[in-house]
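For reference, the structure discussed in these notes is given below.
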Amino acid sequence: MTMPAKPILYDFLYSGNSYKVRLLLSQLDIAYEYRALDIIAGETKQAWFLKKNPAGEIPTLELSDGTCLRESTAIMMYLSEGTAFLPADKLSRARVLEWLCFEQTNVDGVISRARFRRAFPKAIPTREEEFGPWLRQGNQALALLEAHLASRSFLVDERYTIADIGLYAYTHCAADGGFDLSGYPNLHQWFARIEAQPKYLPIDRIP
Ligand SMILES: N[C@@H](CCC(=O)N[C@@H](CS)C(=O)NCC(=O)O)C(=O)O
């Protein structure tokens, strides 16, 4: 009997968007093949990859039948359907999505941008003053999370969901982008709760 092919994750290890998918796959105990693409060298813009994801971005998850999924939020929604990581209740699901939309607007492209440019200064040369707006907007997002977590263990319904994974990905490593996280004690406690979850995987690790 032939075993069904494993899904394939196209990834760049430094990417927090890919990390959301890596962490969820680990916690769901789903075996998969890992394919690294160097986004700095433009490997996501190669013709063969654009056929899989016309946006030319990682993460991209290729399912065992060849179907490709893009966008970290969509991939997490797909993988977590029917599991403890995505509530069944209509309002709770909307709350999860609310946080994941917030992440895409206020964290990805903001904290992630500052972090990437600090780590790879030659890839996209950036003037020091360009970091100012990202630091301001990123700190607003961190402060909003800090206030929300003052009376809660997790973002939605007091349970660990893909909302936590989505928001954790770039916030826990925001210091890499020049953010001072010392004024966010609730965030630190939430990071620790996430890091204590079964099958937790750090951002710089491939399973
Ligand atoms: N909204 C997308 C963003 C994906 C994204 O920005 N991917 C970046 C790396 S984190 C990428 O592939 N960049 C390569 C490029 O733009 O050439 C998601 O959440 O997955």
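Some observations on this one:
- Matching option when the condition is within 12 Å of the ligand (Cβ to nearest atom), modelled with pLDDT of 95 or more, under 22 Å from A123 (Cα atoms) and in contact with a Lys or Arg (Cβ under 6 Å, 6 or more places away or on another chain), among G56, G16: G56
- Scanning the stretch 89-141 for residues that are farther than 25 Å from D164 by Cβ and away from the ligand (no atom under 15 Å from the Cβ) turns up P121, K122, P125, T126, R127, E128, E129, E130, F131, G132, P133.
- Check on K51, among the basic types (K, R), assigned to a loop (DSSP other than H, G, I, E, B) and away from the ligand (no atom under 12 Å from the Cβ): no
- Residues located in the stretch 84-127, provided they are among the aromatic types (F, W, Y) and assigned to a loop (DSSP other than H, G, I, E, B): F85, F120
- Identity of the residue in the stretch 19-41, more than 9 Å from the ligand (Cβ to nearest atom) and without any contact (Cβ under 8 Å) to a residue 40 or more places away in the chain, that ends up farthest from A74 (Cα to Cα): A41
- Flag for L135 being over 14 Å from G16 (Cα atoms), out of contact with any Leu (no Cβ under 8 Å at 6 or more places or on another chain) and either in a helix (DSSP H, G or I) or at pLDDT 95 or above (or both): yes
- In the set T44, T83, T73, only one residue is of a type in the set (V, I, T) and away from the ligand (no atom under 11 Å from the Cβ); that residue is T83.
- The condition (being open to solvent by less than 50 Å² (accessible area, probe 1.4 Å), at pLDDT 95 or above, farther than 19 Å from Y14 by Cβ and acidic (D, E)) is satisfied by just one residue among E158, E146, E98: E146.
- Summed over the stretch 59-70, residues that are open to solvent by 70 Å² or more (accessible area, probe 1.4 Å) and within 13 Å of the ligand (Cβ to nearest atom) total 1.
- Summed over the stretch 2-12, residues that are out of contact with any Phe, Trp or Tyr (no Cβ under 8 Å at 6 or more places or on another chain) and surrounded by 14 or more Cβ atoms within 10 Å (Cβ to Cβ) total 1.
- Check on T171, among the hydroxyl-bearing types (S, T, Y), surrounded by 12 or more Cβ atoms within 10 Å (Cβ to Cβ) and under 15 Å from the mean Cα position of the chain (by Cα): yes
- Selection count, the stretch 76-95, where residues are of a type in the set (A, V, I, L, M) and open to solvent by 40 Å² or more (accessible area, probe 1.4 Å): 5
The values are calculated or read from the model by the stated rules, or taken from the named source; none is laboratory data. Computed from a predicted structure; not experimentally measured. All Cβ positions, glycine included, derive from the backbone under ideal geometry; neighbour counts span all protein chains shown. Ligands, DNA and RNA are stripped out before the accessible areas are found, and what is left, the full protein with its side chains, is counted by its heavy atoms. Shrake-Rupley method; radii C 1.70, N 1.55, O 1.52, S 1.80 Å.
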